[in-house]
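Each value in this text was obtained by applying a stated rule to the coordinates, not by laboratory testing. Bear in mind that the values here come from a model prediction, so they are computed numbers and not experimental data. Glycine also receives a Cβ, built like all others from the backbone with ideal geometry; neighbour counts cover every protein chain displayed.
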Amino acid sequence: MIRPRRFNSRRYYRYEGEFRHHFIRIGNHETKDELPGDIYSSGIQHFTRIMNERLDKVSRLYVKNLEESLLEKHPDAFEMFMTILGNIEALRDLLNKISLGKIQINESIRFIQDILDTPISYDVLRANARTEAIVHNFEQKLVQLLNAVLKLLKNSTPHEIYQGGFLEKLQIDYEIRGYIDKLKLKEVKFLRALVNLYHYIALLEKIYNHIANSSFILVFPEYWEENYVNISCGGIGIYTDYLVKVNDILEVLLRFNTSTDPRYEDYEIIHQRAKVLRIEEDKARGQYLLACQFILCPKKTMDLISNSIQAREVIHAYNAAELLGSDMDFNQPH
């Protein structure tokens, strides 16, 4: 990931690697933002083509695995699970409209309330209490998210989005890893469908957090994205699922590990304003690259970035030496 300095013709040396980061959009440098809509919108496009393709894929796999496991032998159970999918699709549509700031608030409130007031009947699963309990845990996550969106709609205005904080972890959030591990040992179509269901809801929860808690997330690095970035003292390339526009101004937070010892971590955080110069789609990574230029970057921040890059170089060099083997004699001239 490190390009040797002698091959780097840029003004500032660049480094690409995994960093925790978060950004919020604060406006556009050259164009006037539209007037407020029905509900506050940050101007970030959350339901991008990449994100929609990801959601569509999970949905298709969910239906496919349900059909193969339930449709022929248990058609009533199949219809029940398709009802759950219908509720998820409705939530997806609502979140998309909230993201755009264009939504009939009162109508949407009534719509969510109707879903919550019409609980799923598990009568078709009565013969298997264990399965009924597991499915109920999955549906609880959907109900939790529906309630969060309902609260957001009731408390938001065209000028401010309600920030309800992060959703509490539920039992299924702790159990899901065990289900995934079971599928590695033996493929079970019904269990696979339930895992697809979880992933679908989890993706929507991630989008909800970015819409409703973006400013709140600023003080909680554990909720920041942990993706690759391309950084120098002059700017940053952010890999993200979401889209903004060229010339948008972002507030970027980035957590650096400045330790030169691979055994320890020493984190520093920078908060820097940046302008989006270019947007590219990285098909191999399945994300967008936002190429940004720092605006009036202080020398203290530039020094911190430079020191962090040098620290990464030291660790990469150390790891490379480890790969060469312990039998090398570094005291001998080479």
Compare the Cα positions of 211, 201, 179 along the charge dipole of the stretch 145-214 (+1 at Cβ of Lys, Arg; -1 at Cβ of Asp, Glu; about the Cα centre) and return the one farthest towards the positive end. 179
Suppose a student asked you for the relative contact order of the stretch 53-149, using Cα pairs under 8 Å spaced at least 6 residues apart; what percent would you report? 27
What Rg and what Dmax come out for the stretch 108-181 when only alpha-carbon atoms are used, in angstroms? 15.5, 51
Going by a ≥ b ≥ c, the root eigenvalues of the Cα gyration tensor, does the stretch 262-302 fall in the rounded group (a/c under 1.5), the prolate group (a/b larger than b/c) or the oblate group? oblate
Among 28, 144, 264, the residue whose Cα sits farthest towards the positive end of the charge dipole of the chain (+1 at Cβ of Lys and Arg, -1 at Cβ of Asp and Glu, taken about the Cα centre) is 28
Can you give me the pair-distance distribution of the stretch 210-307, C-alpha pairs, 10 Å bins, whole percents? 14, 44, 35, 6, 0
Report, in debye and to the nearest 20, how large the dipole of the chain comes out about its Cα centre when Lys and Arg carry +1 and Asp and Glu carry -1 on their Cβ. 820
Residues residue 219 and residue 184, FRET efficiency given R0 of 51 Å [Cβ-Cβ distance, rounded to 0.05]: 0.90
Assign unit charges at the C-beta atoms only (+1 for Lys and Arg, -1 for Asp and Glu), then state the dipole size of the stretch 85-179 relative to its Cα centre in Debye, rounded to the nearest 20. 180
Please quote Rg/Rh for the chain to two decimal places, taking the Kirkwood radius as Rh and restricting both calculations to Cα atoms. 1.04
Pairs of lysines 8 or more apart, or on different chains, with alpha carbons under 30 Å: count those in the stretch 21-119, would you? 7
Neighbourhood charge, 9 Å Cβ-Cβ cut-off, centred on residue 65 and excluding it, Lys, Arg +1 and Asp, Glu -1: +1
Once the other residues with Cβ under 12 Å from the Cβ of residue 84 are scored (Lys, Arg +1; Asp, Glu -1), what is the net sum? -2
Can you compute the helix-only [θ] at 222 nm over the chain? Use -39500 (n - 2.57) per DSSP H run of at least 4 residues, normalise by all residues, nearest 500 deg cm²/dmol. -15500 deg cm²/dmol
Lysines near residue 299 by alpha-carbon distance under 29 Å, same-chain residues fewer than 8 away left out - which ones? 245, 275
Could I have the simple spin-label model distance between residue 89 and residue 278, label points 7 Å from Cα toward Cβ, reported in nm to one decimal? 4.0
Measuring from centroid to centroid over Cα atoms, what is the spacing of the stretch 237-306 and the stretch 98-115 in Å? 34
